[in-house]
Every structure is written in structure tokens, then in C-alpha cells.
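Just below is one structure, and these are the notes that go with it.
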Amino acid sequence: MKENRYELNKQLAQMLKGGVIMDVTTPEQAEIAQKAGACAVMALERIPADIRAAGGVSRMSDPKMIQGIQEAVSIPVMAKCRIGHFVEAQILEAIEIDYIDESEVLSPADDIYHIQKSKFQVPFVCGAKDLGEALRRIAEGASMIRTKGEPGTGDVVQAVRHMRAMNREIRRIQNLREDEIFEAAKQLQVPADLLSYVHENGKLPVVNFAAGGVATPADAALMMQLGAEGVFVGSGIFKSGDPAKRAASIVKAVTNYEDAKEIAKLSTDLGEAMVGINEQEIEILMAERGL
Amino acid sequence: MKIGILALQGAFEEHGHMLDQLGVEHFEIRKKDDLKQDFHGMILPGGESTVMGKLLLELDLFESIQTKINNGLPVLGTCAGLILLAKQVKEGKPHLATMDINVQRNAYGRQLGSFNTQGMFDHLGTVPMTFIRAPYIESVSGNAKVLATVDEHIVAARQENQCVVAFHPELTQDTRVHEYFLRMI
């Protein structure tokens with residue numbers, strides 16, 4: 001991959017900042033999401049809550065379904081492939097997807113290797129729960145990172161944990177002496193040049209969103225105040241009582257994430273939130289996939 | 001001099017960094033109260049025009065901003081910001097509709113169509129141009145003037161107090177387009 005293609009792919013993520021990316025399973029849902037103010041949609045066959053409920057192996061969606069969504073909206077369309085499944089990624093590239101999510105939400109296809117994302121022209125976003133995972137994915141070619149959180153639960157605790165862990169480690173790296181970076185890189189199992197970037201700039205070299213368990217406008221604003229540059233909302237919208245209204249409120253909460261009065265208004269009369277599952281009640285920890 | 005940057009969604013921070021380099025004071029516009037202060041120019045950044053257009057209305061910013069622009073406030077629109085200002089948007093609806101340009105959204109296709117190039121910009125010479133899922137201007141009318149073209153498509157234009165570019169000067173190291181805008185003030 002040419003250096004300039006990677007730059008363009010990182011820059012597309014910059015255009016998504018301050019926005020909300022919504023999981024959708026049909027063209028109709030994609031239109032609702034776009035109308036509600038989504039800055040991109042993630043096309044997938046089943047939302048994480050249903051994947052969790054149904055069990056079994058979860059794979060890339062039918063290209064026909066994804067293309068239906070591409071035709072329905074003008075905003076960028078993302079889609080998920082399984083961790084390590086580079087042929088699913090090749091298929092998504094062939095249908096000119098705007099962003100591929102190599103995602104722990106689907107069943108991993110490879111329990112050791114991730115996709116060599118630098119071989120692709122289209123951009124990739126990957127989940128991470130700490131700085132080491134984030135920089136390893138970037139080294140493989142990811143041009144955007146999101147926290148893993150715990151998808152399909154409606155429980156924000158893990159997204160909070162991952163965002164705090166990442167930012168805490170970034171602050172620690174910033175405070176190291178320059179000659180301590182190599183040892184830190186060894187411990188984190190990441191390339192030293194990427195860690196040097198973090199040391200100098202106090203942030204990841206790519207855009208970092210929050211994902212996994214965001215269900216309310218307050219959850220979204222919480223993640224923004226903790227340092228997320230935007231938010232993915234999966235099951236939280238289309239598993240709730242009034243998806244269009246909830247989606248629009250989350251979008252506005254991300255724009256004015258520090259305005260408590262506005263968020264109070266946005267949190268009013270939203271109807272039923274997704275019921276959710278506590279982290280102690282879940283059987284599969286998706287965040288443990290792909291380290 | 002003080003510049004307001006529309007910060008509803010998208011790459012607004014990057015414009016702030018450009019203005020920092022030029023030593024110009026700036027602030028973010030996220031809600032109506034932010035418009036109360038005095039300022040001398042406004043930047044509408046890149047991002048998703050559908051999102052910004054919707055939030056302009058719902059956060060009750062639309063009319064105030066439209067009035068300010070019609071009353072002569074200098075404005076720079078990049079990419080999605082260009083779409084916000086266009087009076088005509090092909091296969092879409094116009095937003096602020098203050099500028100006599102006809103725009104094609106996602107004119108270069110999906111992300112695989114994004115590209116870098118260099119092009120001649122009126123009075124500035126050759127400038128680097130980064131196009132991300134970019135629009136282009138199909139035609140200008142009234143007293144709108146073309147500032148730059150790439151492959152025969154119009155990618156920058158000016159109409160009195162309004163300047164628009166389909167590319168992203170804020171993603172490059174080159175501050176000349178921002179300086180051009182500041183000279184309009």
C-alpha cells in the first residue's frame with residue numbers, strides 16, 4: 001500500500017470525528033440512521049445483542065445486503081469481517097466498502113494472526129482495550145481505532161475501562177524519558193516508532209472512537225469526556241423503544257458532550273432503553289478475541 | 001481578529017491548528033450561545049454535510065448563521081462546508097444555500113476514489129489538494145467565480161464574502177488557502 005493511501009484512509013477517519021457511527025442491518029435502518037444524523041453506518045447481518053442471543057458462528061454479511069445499504073445512504077458505509085479473515089476483507093474491498101471493521105463481534109477466523117491490513121487499499125478500523133493492542137493493530141495497517149467495550153450488552157463499563165486504560169498508558173508514555181521508549185516498546189510488544197509518536201504527541205497516531213455498550217446520550221457524552229473522538233453505537237439504538245429519537249439524541253449529545261443542561265434535555269422521554277446484560281451475566285467476552 | 005469554527009461534527013480541530021500556526025484567535029461554534037460574541041470570519045469544516053445540516057437546524061443555529069453570511073460575514077467552507085453553502089445540491093437538498101454554486105456530492109465515488117494532487121489556485125500558484133470522498137462544483141452562476149479546477153472540474157470558488165474548496169487545506173502543511181481567506185476579512 002502506498003504511503004499516501006494510508007494517509008487518505010487516516011484522514012477519512014478524521015472527517016468522522018465528533019460523530020456517531022450506527023449499526024444497521026437493513027437499508028431502512030440505514031436511512032433512519034442517516035436521518036438521525038449518523039456520520040457513517042456499520043452494515044451487519046445481526047446486531048451484537050442478537051449475535052450474542054443466537055450463538056453459533058457469526059460471519060461477514062451477505063454482500064447483497066451491504067450493497068443495498070450502500071445504495072440507500074450517502075454517508076460512508078462500513079462493514080465487519082472476522083478477525084484474520086483476509087478473504088472476507090478482500091470481498092469487502094471488492095464491493096468498495098468505505099471502511100472495514102476487523103471485528104471481535106464476529107467469530108474470529110484466526111486465533112493468532114490479524115489481517116495484514118497494510119496490503120489493502122480500503123481503510124480498516126480495529127478494536128483495542130489498551131495501548132498495546134491499539135498500536136499492534138496500527139502496525140498491521142489499521143487507520144482508525146475504537147475501544148472494544150463489550151458489544152451487545154448495553155453496559156458501558158468495559159468501554160469506560162478500555163478508554164481509561166488506553167489514556168492512562170498514553171499519559172505514562174508521555175512522561176517517560178526518550179531513552180526509556182525502547183524498553184517500554186518491548187514490554188508493550190509494539191514498534192518503537194509508533195510508541196515514540198505517542199510519547200511526542202500524547203495521542204494515538206490515528207483517530208480513536210468509543211464502542212461497545214453505549215446505550216444512552218449520557219453514555220455517549222461520558223465516553224467523549226473520557227477522551228473519545230466519536231462514538232459507535234450498536235445494539236443500543238435498534239434494540240430500544242424509539243430508535244429514531246434515541247439515535248438523534250445520541251448524535252446531539254456527542255456534539256455538545258460537555259453541556260449538562262442540553263444532555264438533560266436529550267435524555268428526557270426517550271422511551272425504553274435496551275434492557276442490557278451486566279458483565280457478570282455474559283457468557284462470551286468478545287473483548288478477549290484478538291489481542 | 002477572531003474566527004468562529006463550526007464544531008458540530010468533522011475535522012474542525014484541524015482548522016484550529018492552521019489558525020494557531022497563523023497566530024489567529026479562534027473559537028468553536030457548537031450552540032446558539034457561542035454566536036453571541038463578536039467575530040470576524042467563520043469556517044465550515046469537512047465532515048458529513050447531512051449531519052451538520054441537520055444539527056444546524058436542530059440546535060437553532062441555522063437562521064443566525066445564514067443571516068450573518070448574507071450580511072457579509074466572511075466564510076470559508078471546505079468539503080462538507082462547501083456543500084452547506086451551495087444553493088443547489090444534486091440528488092440532495094441544499095442547506096444554508098447562500099452561494100450560487102451547483103454541487104455534486106461524493107463526486108469521486110467512495111473512499112477508494114479519494115486522492116491527493118496539486119492544482120493551480122487563483123493568485124496562489126500551485127497548492128497541495130487532498131480530496132476525501134469529495135464533492136465538486138458542476139457550475140457557478142451569478143457573480144460566483146472559479147478559483148481552481150482539477151481535471152476540468154471546479155474545486156474552488158469565491159463569491160464576495162464566501163470562499164469554498166472541495167479539498168482539505170487543513171490536512172496539509174500549506175497555510176496559503178487559510179491566508180487567502182483571512183485576507184478576505
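Here are a few things to note about the model shown:
- Residue in region B:47-62 that is open to solvent by 10 Å² or more (accessible area, probe 1.4 Å), touching a strand residue (DSSP E or B) at 6+ places or on another chain (Cβ under 6 Å), assigned to a helix (DSSP H, G or I) and modelled with pLDDT of 95 or more present: no
- First in region A:29-49 and free of Cβ contacts under 8 Å to residues at least 24 places away in the same chain, second anywhere and in a strand (DSSP E or B) and open to solvent by 40 Å² or more (accessible area, probe 1.4 Å), Cβ under 6 Å, 6 or more apart: none
- Test for residue B:118: is it free of Cβ contacts under 8 Å to residues at least 24 places away in the same chain and open to solvent by less than 10 Å² (accessible area, probe 1.4 Å): no
- All positions within region B:144-185 that are in a loop (DSSP other than H, G, I, E, B) and either under 13 Å from the mean Cα position of the chain (by Cα) or over 20 Å from residue B:3 (Cα atoms) (or both): B:144, B:151, B:152, B:161, B:166, B:167, B:168
- Of the residues B:80, B:107, the single one that is touching a Gly at 6+ places or on another chain (Cβ under 8 Å), of a type in the set (A, V, I, L, M, F, W, C) and closer than 23 Å to residue B:128 by Cα is B:80.
- Qualifying residue in region B:16-35 (condition: touching a Phe, Trp or Tyr at 6+ places or on another chain (Cβ under 7 Å), modelled with pLDDT of 95 or more, surrounded by fewer than 18 Cβ atoms within 10 Å (Cβ to Cβ) and closer than 28 Å to residue A:8 by Cα): yes
- Tally, over region A:1-27, of residues that are free of Cβ contacts under 8 Å to residues at least 40 places away in the same chain and surrounded by fewer than 18 Cβ atoms within 10 Å (Cβ to Cβ): 4
- Candidates A:58, A:74: the one that is touching a Ser or Thr at 6+ places or on another chain (Cβ under 8 Å), within 28 Å of residue B:11 (Cβ to Cβ) and among the hydroxyl-bearing types (Ser, Thr, Tyr) is A:74.
- Test for residue B:78: is it within 11 Å of chain A (Cβ to nearest Cβ), of a type in the set (S, T, N, Q), under 20 Å from residue B:5 (Cβ atoms) and buried (at least 17 other Cβ atoms within 10 Å of the Cβ): yes
- Single residue of A:75, A:66, A:21, A:51 found to be part of a helix (DSSP H, G or I), of a type in the set (A, V, I, L, M) and within 14 Å of chain B (Cβ to nearest Cβ): A:66
- Residues considered: A:151, A:123. Of these, the only one that is modelled with pLDDT of 95 or more and in contact with a Ser or Thr (Cβ under 8 Å, 6 or more places away or on another chain) is A:123.
- Residue check, residue B:177 touching a helix residue (DSSP H, G or I) at 6+ places or on another chain (Cβ under 6 Å) and farther than 22 Å from residue A:11 by Cβ: no
- Flag for residue B:19 being more than 14 Å from chain A (Cβ to nearest Cβ), hydrophobic (A, V, I, L, M, F, W, C), touching a helix residue (DSSP H, G or I) at 6+ places or on another chain (Cβ under 6 Å) and in contact (Cβ under 8 Å) with a residue 60 or more places away in the chain: no
The values are calculated or read from the model by the stated rules, or taken from the named source; none is laboratory data. Note that this is a predicted model, so its numbers are computed, not measured. Neighbour counts are summed over all protein chains in view; Cβ atoms, including those assigned to glycine, are modelled from backbone coordinates with ideal geometry. For accessibility, only protein heavy atoms count, side chains too; no ligands or nucleic acids. Shrake-Rupley method; radii C 1.70, N 1.55, O 1.52, S 1.80 Å.
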